[in-house]
Amino acid sequence: MSAPRAETGNEPSGGPGDPGHVATAGLSLSPFRGLRYDPHRVGDLAAVTSPPYDVVDPGRRLDLETADPHNIVRLILPRPEPEDAGDRPDRDTRYRHAARLLRDWRRQGVLTADPRPALYVYEQRTPSGTLQRGLIGALAVSGPEAGVVLPHEDVMPKPVADRVGLMRTTRANLEPLLLTYRGHGRAADVVDRTAGTEPLLATTTSDGTHHRLWAVTDPADLAAVTRDLATCRALIADGHHRWEMYLRLQREHRHLPRSPWDRGLVLLVDTDRYPLRVRAIHRVLHRLPLDAALAALDPAAWRVTALPGALPDALDALTEAHRSPGNSFVLTAGDGRFHLLTGPDEATLADAVRTDRPEEWRRLDATVLHAVLLDRTWHVPDSPEHIGYLHAAEAAVREAARTGGTAVLLHPVEERVVRRLAEQGVTMPRKSTSFGPKPATGLVLRSLELG
């Protein structure tokens with residue numbers, strides 16, 4: 001892993017519009033010709049957007065598909081028409097369907113390319129008052145050995161292969177990854193100054209979040225962004241599987257000079273200016289009833305406390321428990337019963353959790369949950385048939401009630417802990433964190449055919 005960010009004086013040799021340049025000292029973000037919905041062809045821009053693909057559950061997917069025939073979810077989670085699929089609706093069929101839709105929408109003028117390459121300032125304002133601003137651009141792709149883009153979570157092969165197949169076939173970056181960095185203020189100043197002008201688009205999605213987008217094309221502004229990012233590195237906040245997709249496709253096309261596969265679509269947020277919110281991702285153990293989960297616990301290693309009240313009270317108890325040493329979780333079957341689980345004892349921790357990682361990693365709730373409880377105590381395989389990952393505690397409780405399983409509610413990890421581990425080259429168990437607000441999908445796309 002490379003040294004932490006420092007002023008080196010080694011700025012990228014190419015200009016911000018040079019697609020062949022690969023960052024060496026730090027981040028290299030290039031303008032691109034954004035592919036955007038024509039508001040005159042789709043009417044309500046909010047009706048064609050979607051959350052990121054991996055947080056769209058089946059019910060939400062159907063709602064999005066019916067909201068507008070051109071909703072972006074039809075590209076990121078394609079469902080072939082019966083005449084496309086025939087008797088075998090395999091993955092390749094889905095990818096070809098998405099590629100055909102993308103071509104059709106471009107030919108029909110539903111999606112049109114901006115006339116000039118640009119970086120895009122993107123603003124989100126949530127109903128709670130959270131304001132987030134950042135830059136959308138084509139970021140030079142580099143592996144963890146370069147120390148420029150830092151992953152903090154493990155990935156699973158199947159989701160990566162799925163995203164690779166989709167991007168390879170559509171030849172497009174359909175949604176931006178969310179990355180954070182800590183800059184010197186020059187890029188953030190460009191962002192804030194641009195946000196004071198008339199936006200390219202403005203819309204409000206069904207969750208009440210206001211979204212605005214601007215294009216940055218002024219050479220002086222682009223140069224300021226380049227200088228600021230040249231000595232920075234980024235943390236992947238959301239999109240580890242898609243970043244691994246970028247790396248894999250870059251390797252596939254390494255024989256091509258100045259390849260558009262050397263860059264990927266990202267939203268970069270300077271967290272010195274706009275701190276992100278970090279939430280937990282909860283687990284639902286579909287095939288493990290709560291009574292069986294409680295019965296399997298070793299009373300010498302764990303303490304179980306029945307909690308009075310409803311879900312908000314249980315989450316308050318979880319927050320309070322995190323002020324004490326050790327790990328804590330809330331278990332529920334979704335039937336109104338909540339149990340606070342605290343522990344384990346030091347002997348269990350030493351026996352179950354690998355010792356070749358930093359102590360801070362060994363004591364993470366997600367580490368202990370997977371290494372001690374899921375692997376050793378409950379023997380639950382980490383597969384979609386056995387474990388569901390949900391971002392909202394309410395949704396996890398409902399899912400446990402529906403499946404007859406157990407919801408395991410977690411407390412969020414602090415961003416400083418995530419970054420500290422990432423800077424040591426240590427990844428957390430997958431789905432350990434949920435950074436937000438997440439960028440809406442569909443406001444701007446990147447077609448590799450445009451360079």
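What does the C-alpha gyration tensor say about the overall shape of the range 121-243? Classify as rounded when a/c is under 1.5, otherwise prolate if a/b is larger than b/c, or oblate. Intermediate results must be reported in sequence, preceding the final value.
Details: a/c = 1.77, a/b = 1.28, b/c = 1.39.
Oblate shape, in that a/c is at least 1.5 and b/c is the bigger or equal ratio.
Quick one: which residues, 5 or more positions from V408 or on another chain, have an amide H under 5 Å from its amide H? H modelled 1.01 Å from N in the peptide plane, none for Pro or chain starts.
Correct list: R283, V284, L285.
What ³J(HN,Hα) values, in whole Hz, does the Karplus curve 6.51 cos²θ - 1.76 cosθ + 1.60 give for the range 180-189 when θ = phi - 60°, with x put for Gly and Pro?
For the range 180-189, the Karplus-derived couplings read 10, 8, 10, x, 9, x, 5, 5, 5, 5 Hz, x marking Gly and Pro.
Under the 0.36 nm per residue contour assumption, what length would be gained going from the current alpha-carbon distance of A223 and E252 to full extension?
On the way: separation 29, 0.36 × 29 = 10.44 nm, distance 3.09 nm.
Gain on stretching A223 to E252: 7.4 nm.
Tell me, what are the semi-axes, in whole angstrom and largest first, of the equivalent ellipsoid of the range 292-451 as set by the roots of 5 times the Cα gyration tensor eigenvalues? Intermediate results must be reported in sequence, preceding the final value.
Details: eigenvalues 163, 95, 50 Å².
Equivalent ellipsoid of the range 292-451: 29, 22, 16 Å, largest first.
Per residue, how much accessible area does the range 371-451 have with a 1.4 Å probe, in Å²?
Values: 2940 Å² over 81 residues.
Result: 36 Å² of accessible area for each residue.
P(r) of the range 240-339 in 5 Å steps, Cα pairs, percent per bin?
Cα pair-distance distribution for the range 240-339, in percent: 2, 9, 13, 13, 12, 8, 9, 10, 9, 7, 5, 2, 0.
Around M156, under 12 Å between beta carbons, what's the net of Lys plus Arg minus Asp minus Glu among the other residues? Show your work: numbers first, answer last.
Working: positive: K158, R163, R430, K431; negative: D54, E153, D154, D162, E244, D382.
Value of the local net charge: -2.
Would you mind listing how long the chain runs along its three principal axes, going by Cα atoms, in whole Å with the largest first?
Result, largest extent first: 66, 57, 44 Å.
What is the antiparallel percent of DSSP beta bridges lying wholly in the chain, to the nearest 5? Please report the intermediate quantities before stating the final value.
On the way: 61 of 69 bridges.
DSSP beta bridges in the chain are roughly 90 percent antiparallel.
Considering every Cα-Cα pair within the range 369-421, what fraction, in whole percent, is farther apart than 16 Å?
54
Over the range 211-306, average the accessible area per residue using a 1.4 Å probe and give it in Å², no decimals.
On the way: 3800 Å² over 96 residues.
In whole numbers, the range 211-306 has 40 Å² accessible per residue.
Mind ranking 335-343, 310-318 by how tightly packed they are, going by the mean number of other C-beta atoms within 10 angstrom, highest first? Present the calculation step by step, with values, prior to reporting the outcome.
Numbers: 335-343: 17.7, 310-318: 16.0.
Highest-to-lowest ranking by the protection proxy: 335-343, 310-318.
Which value, to two decimals, describes the C-alpha radius of gyration of the range 334-393 once divided by 2.2 N^0.38 Å?
On the way: Rg = 13.2 Å, N = 60, 2.2 N^0.38 = 10.4 Å.
Cα-based Rg divided by the globular estimate yields 1.27.
Return the Cα extents of the range 151-202 along principal axes one, two and three, sorted largest first, each rounded to a whole Å.
Computed over the Cα atoms, the extents are 42, 28, 16 Å.
Enter the angle in degrees (range 0 to 90, nearest 10) between the Cα long axis of helix 311-321 and the first principal axis of the Cα atoms of the chain, meaning the one along which they spread out most.
Its long axis makes an angle of about 80 degrees.
Just going by the charge dipole of the range 220-315, with Lys and Arg at +1 and Asp and Glu at -1 on Cβ, which of V269, H240, A223 is farthest out on the positive end?
Final value for the positive-end residue is A223.
Can you run phi through the Karplus equation (6.51, -1.76, 1.60; θ = phi - 60°) for the range 149-155 and list ³J(HN,Hα) in whole Hz, with x for Gly and Pro?
10, 9, x, 10, 10, 6, 10
Separation of the range 132-188 and the range 412-436 by C-alpha centroid, Å?
16
So what is the calculated 222 nm ellipticity per residue for the chain, using -39500 (n - 2.57) for each DSSP H run with n of 4 or more, over all residues, to the nearest 500 deg cm²/dmol? If you can, show how the numbers build up before the last one.
Details: 16 runs with 138 residues, N = 451.
Here the helix-only value at 222 nm equals -8500 deg cm²/dmol.
Give the separation of the Cα centroids, the range 327-387 to the range 209-227, in Å.
44
What is the dipole size for the chain, taken about its Cα centre, with +1 at each Lys and Arg Cβ and -1 at each Asp and Glu Cβ, in debye to the nearest 20?
Details: 57 positive and 59 negative charges, 196 e Å.
Here the chain has a charge dipole of around 940 debye.
With all protein chains present, calculate the accessible area of W214 using a 1.4 Å probe and round the result to the nearest 10 Å².
Solvent-accessible area, nearest 10 Å²: 0 Å².
Run the dipole for the range 297-451 about the Cα centre, Lys and Arg Cβ at +1, Asp and Glu Cβ at -1, nothing else charged, and hand back the magnitude in debye, nearest 20. Don't skip to the answer; put the middle values down first.
On the way: 17 positive and 21 negative charges, 64 e Å.
Charge dipole of the range 297-451: 300 debye, to the nearest 20.
Quick check: residue separation of R420 and H322 times 0.36 nm, minus the Cα distance between them. What number comes out in nm? Walk me through the intermediate numbers first.
Values: separation 98, 0.36 × 98 = 35.28 nm, distance 1.93 nm.
Working it through step by step, the gained length comes to 33.3 nm.
Could you work out how far apart the two model spin labels at R168 and E145 are, taking each label as a point 7 Å from the Cα in the direction of the beta carbon, and quote it in nm?
2.2
Packing-wise, with mean Cβ within 10 Å as the measure, how do 382-392, 109-119, 429-439 rank, highest first? The partial results should precede the final answer.
On the way: 382-392: 15.7, 109-119: 17.6, 429-439: 21.7.
Result, highest mean first: 429-439, 109-119, 382-392.
In square nanometres, what is the average projected area of the Cα convex hull of the range 402-451? Don't skip to the end; give the middle numbers.
On the way: hull surface 29.3 nm².
Averaging across all directions leaves 7.3 nm² for the Cα convex hull.
The values are calculated or read from the model by the stated rules, or taken from the named source; none is laboratory data. None of the values given here were measured: they were computed from a predicted structure. Positions of Cβ are backbone-derived with ideal geometry, glycine not excepted, and every protein chain shown enters the neighbour counts. The protein model used for the area step is the full one, side chains on, heavy atoms only, and it has no ligands, DNA or RNA in it. Shrake-Rupley method; radii C 1.70, N 1.55, O 1.52, S 1.80 Å.
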